[in-house]
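My questions will all concern the structure given below.
The values are calculated or read from the model by the stated rules, or taken from the named source; none is laboratory data. Here the structure is a predicted model, which is why all the values come from computation and not from measurement. Cβ sites come from the backbone with ideal geometry, for glycine too, and all protein chains shown count toward neighbours.
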């Protein structure tokens, strides 16, 4: 997903820090293999596993920091031209990538790892961060930018808004209730009813978004030429690693 976002920024000639992008690539690739230890730690809580995982999460955090810093000029150039809903989709989507990295870093600490593996809410919440936040919401924003998703109709905007609201509400409920479990407190009042209602927003939003695409005029890719920032930072060819 990070590669798709970067590819879009490049095709639009948005300003990018090429050196930081190369550094991010060489940090994120090895971290992908090393952080596999997080999955191994579920079954084997050996000090060596935590050590290897610790190295992986450090590389991942540094890689994500470099990537975000590299695309920050493009982000600043693009966001003012978008509607509040689209800005929210992009912000929550890319913010979920950063939050994912922080969770990985926290789970590398043995005490936090035991807490995360013990409380099921944390596991479900993390999966939602990756699949719904970092992937789905970022993809919605990206598809609209390239003209593959039409959000002109009110029904489409309502569907996207429901998806965003459903994600934020379910994440808040899962992490708050999980923390309450860990400290030995009881359930939130009407927790399961609230979780059900928040979860229903997700399929409802998806259905509205799909229905709104039927018969909508074809969207054009968002290519405002004035978005190109500092000519010294402008990227006119693919980043070579």
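When the stretch 76-90 is examined, which residues are found to be over 17 Å from residue 152 (Cβ atoms) and surrounded by fewer than 18 Cβ atoms within 10 Å (Cβ to Cβ)?
Hits for the stretch 76-90 are 76, 79, 80.
May I pose another question? What do you reckon, is residue 97 in contact (Cβ under 8 Å) with a residue 60 or more places away in the chain, within 25 Å of residue 147 (Cβ to Cβ) and either out of contact with any strand residue (DSSP E or B) (no Cβ under 6 Å at 6 or more places or on another chain) or surrounded by 15 or more Cβ atoms within 10 Å (Cβ to Cβ) (or both)? Quick ask: steps written out before the conclusion?
Values: in contact (Cβ under 8 Å) with a residue 60 or more places away in the chain: yes; within 25 Å of residue 147 (Cβ to Cβ): yes; either out of contact with any strand residue (DSSP E or B) (no Cβ under 6 Å at 6 or more places or on another chain) or surrounded by 15 or more Cβ atoms within 10 Å (Cβ to Cβ) (or both): yes.
Answer is yes for this residue.
What is the residue count in the stretch 184-241 for residues that are in contact with a helix residue (DSSP H, G or I) (Cβ under 8 Å, 6 or more places away or on another chain), at pLDDT 70 or above and not in a helix (DSSP H, G or I)?
Selection size over the stretch 184-241: 3.
Looking only at helices (runs of 4 or more DSSP H) that lie completely in the stretch 79-159, which have at least 1 residues being under 19 Å from residue 63 (Cα atoms)?
On the way: elements: 84-107, 110-118, 120-128, 138-145.
Once the helices (runs of 4 or more DSSP H) in the stretch 79-159 are filtered for at least 1 residues that are under 19 Å from residue 63 (Cα atoms), what remains is 84-107, 138-145.
Out of the stretch 107-122, which residues are modelled with pLDDT of 80 or more and exposed (fewer than 15 other Cβ atoms within 10 Å of the Cβ)?
Here is the first cut: in the stretch 107-122, the ones modelled with pLDDT of 80 or more are 119-122.
Correct list: 120 only.
Moving on. Out of (1) at pLDDT below 90; (2) touching a helix residue (DSSP H, G or I) at 6+ places or on another chain (Cβ under 9 Å); (3) closer than 24 Å to residue 3 by Cα, the odd one out for residue 136 is which?
(1)
A further question on this structure: Examine the stretch 144-152 for a residue that is crowded, with 17+ Cβ neighbours inside 10 Å and free of Cβ contacts under 8 Å to residues at least 60 places away in the same chain, and state whether such a residue exists.
Pass one, the stretch 144-152, residues crowded, with 17+ Cβ neighbours inside 10 Å: 144-146, 149-151.
This time we only want the ones that are free of Cβ contacts under 8 Å to residues at least 60 places away in the same chain, so: none.
No, there is no match, as no residue in the stretch 144-152 is crowded, with 17+ Cβ neighbours inside 10 Å and free of Cβ contacts under 8 Å to residues at least 60 places away in the same chain.
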